[in-house]
């Protein structure tokens with residue numbers, strides 16, 4: 001009996017060691033996948049930042065007087081910064097340096113060689129190269145534009161206006177409506193025009209005037225951009241009413257895009273609607289500087305638990321409670337600000353608590369590289385006198401799957417069988433190593449198409465809000481396609497209807513990191529369906545991991561609110577999360593209702 005017992009114990013230890021080894025291998029794979037996802041998210045975010053910087057700083061050049069277009073120490077001379085004196089701008093912990101190079105260009109269309117009798121003035125127009133340097137990666141990106149064509153010959157007593165219209169992505173907008181007013185002429189000059197297929201319009205023969213041409217650009221279903229007068233309330237418009245100079249083409253550019261809708265949900269800590277909450281919503285775009293004048297800045301009062309903003313311009317919006325409200329913000333979803341994209345309908349949730357404590361701290365935990373919310377971070381807030389010591393965790397949830405080798409036949413997802421799914425069409429291979437979803441091979445060729453449907457996942461709450469859908473790898477071979485749709489229901493048995501990012505069955509999620517349609521919010525159960533296709537029998541799309549971020553109940557992603565604090569300056573905060581460096585801050589000064597953003601570095 002003793003020997004038999006000893007063998008049993010030895011066998012149990014071996015089993016334990018094998019299990020630990022398998023778990024370690026899987027954990028390394030998961031961490032590697034998450035690291036890759038973080039890198040791809042960071043790259044996409046930096047591309048967005050670069051596009052935004054390019055649009056903004058090219059806009060500065062396009063709207064400058066022609067004679068000022070030059071660099072501080074270059075030829076032609078002007079007011080633009082050069083390599084020795086760059087602009088510096090920091091966005092989400094990344095610092096960019098922006099500078100310009102300006103050269104004269106001789107256009108052969110108005111004569112032969114520059115300086116010849118047929119072309120005595122070789123400096124027909126200026127070419128501007130704008131350079132953006134990412135100081136973190138030392139990557140240089142440059143953009144070219146030609147500024148102000150040569151003066152109009154034969155128009156000694158009149159000038160011209162060249163209008164260019166772009167969308168949020170920098171693409172030209174055709175058939176945009178242009179309204180031009182010059183009110184001080186007799187009679188007043190009022191013109192209505194449309195942009196050509198290149199998004200441009202040139203109006204010739206305009207009488208000279210200084211800051212006296214009002215231009216308004218829009219299009220059906222689009223936002224509006226315009227010039228603004230110089231007033232006491234806006235003494236320095238970002239885009240002042242245009243000036244026309246005799247014999248010169250004045251160039252002005254505008255940005256418009258599809259309108260969007262934004263619903264701001266106002267809930268208490270028990271997920272109930274709050275009515276009568278007064279708040280201000282402010283956009284980031286400015287129509288004036290020194291002082292700053294926001295293009296969108298309005299007050300609202302919640303009704304039926306929401307503030308509904310319709311036909312809204314794409315921008316970054318920040319809602320804040322008006323002074324005197326009996327509430328304090330305990331968290332938001334998404335975090336703090338709302339990036340409204342063109343042609344979308346988005347939801348932003350604010351969780352409010354009664355303002356019963358004089359001192360509180362809202363901690364927001366983010367990834368320092370991607371600025372994404374970090375869920376499940378451990379927060380340790382403590383101080384010595386009077387004694388305070390508490391441990392909490394940042395809110396939010398994430399569900400992921402990175403192994404399907406268990407095959408099909410499982411209706412409801414389980415932690416004991418996380419590598420099993422519901423069904424496929426027979427053209428899917430999940431046995432290949434490394435683990436992933438691929439098309440099945442038939443006689444050494446890949447099937448042309450196939451699909452896989454996941455098991456049903458339970459979020460645990462009928463108040464779940466879904467945020468983002470991500471997967472790896474983020475790009476596929478050019479001859480292949482990977483598409484995903486999501487389905488949700490209030491019952492684990494369904495019915496499940498698969499929908500795309502616009503909330504219909506006609507579209508698919510095709511870009512990793514896309515916001516999940518709000519049509520799924522309030523549903524407890526969900527599934528995903530992966531569609532794989534190829535145009536090349538030798539290539540297959542691959543899915544190695546999939547991640548869905550969501551918020552259940554009234555928890556807010558990456559945030560936690562500490563209430564009933566003392567007005568003191570000796571609080572210490574430690575924040576830790578697996579895969580990240582520990583964050584510590586001592587001597588926190590708590591005085592009133594405050595917030596603190598914590599950036600964790602991998």
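Laboratory data are not the source of any read-out in this text; all were calculated from the coordinates shown. The structure presented is a predicted model; accordingly, all values stated were derived computationally and were not measured. Counting neighbours? That spans all protein chains shown, and the Cβs are built from the backbone with ideal geometry, glycine included.
Let me test this: with uniform point scatterers at the alpha carbons of the stretch 191-338, what is the Debye-based log₁₀ I(q)/I(0) at q = 0.10 1/Å?
-0.50
Kindly provide the Kirkwood hydrodynamic radius of the stretch 399-551 in Å, to one decimal, from all pairs of distinct alpha carbon atoms.
Hydrodynamic radius (Kirkwood, Cα only) of the stretch 399-551 equals 15.6 Å.
When the helix-only estimate is applied to the chain (DSSP H runs of n ≥ 4, each -39,500 (n - 2.57), divided by the residue count), what is the mean residue ellipticity at 222 nm, nearest 500 deg cm²/dmol?
On the way: 1 runs with 61 residues, N = 602.
The per-residue figure over the chain is -4000 deg cm²/dmol.
Defining a contact as two alpha carbons under 8 Å apart and six or more residues distant in sequence, what relative contact order in percent does the chain show?
Working: 1450 pairs, mean separation 65.1, N = 602.
With pairs under 8 Å counted, the relative contact order is 11 percent.
Over all directions, the average projected area of the alpha-carbon convex hull for the chain comes to how many nm²? The partial results should precede the final answer.
Values: hull surface 158.0 nm².
One quarter of the hull surface, i.e. the mean projection, equals 39.5 nm².
When only Cα pairs under 8 Å and 6 or more residues apart are kept, what is the percent relative contact order across the stretch 292-392?
Here the relative contact order equals 18 percent.
Ranking 526, 422, 67 by Cβ neighbours within 10 Å, fewest first, what do you get?
67, 422, 526
Just check the stretch 47-255 against the gyration tensor rule for me: Cα atoms, a ≥ b ≥ c as the square roots of the eigenvalues, rounded for a/c under 1.5, and otherwise prolate or oblate depending on whether a/b exceeds b/c.
Since a/c reaches 1.5 but b/c is at least a/b, the shape of the stretch 47-255 is classed as oblate.
May I ask you to sort 475, 260, 488 by Cβ crowding, counting other Cβ atoms within 10 Å and putting the fewest first? List each step's numbers first, then the result.
Working: 475 10, 260 20, 488 25.
Arranged by neighbour count, lowest to highest, 475, 260, 488 become 475, 260, 488.
Could you put 162, 194 in order, starting from the residue whose Cβ has the fewest other Cβ atoms within 10 Å?
Taking fewest neighbouring Cβ atoms as first place, the list is 194, 162.
At 0.36 nm per residue, minus the direct Cα-Cα distance, what do residue 90 and residue 566 gain on full extension? Give it in nm, one decimal, please.
168.0 nm
Using a basic spin-label model with each label point 7 Å from the Cα along Cα→Cβ, how many nm lie between residue 17 and residue 138?
For the pair residue 17/residue 138, the computed spacing is 4.8 nm.
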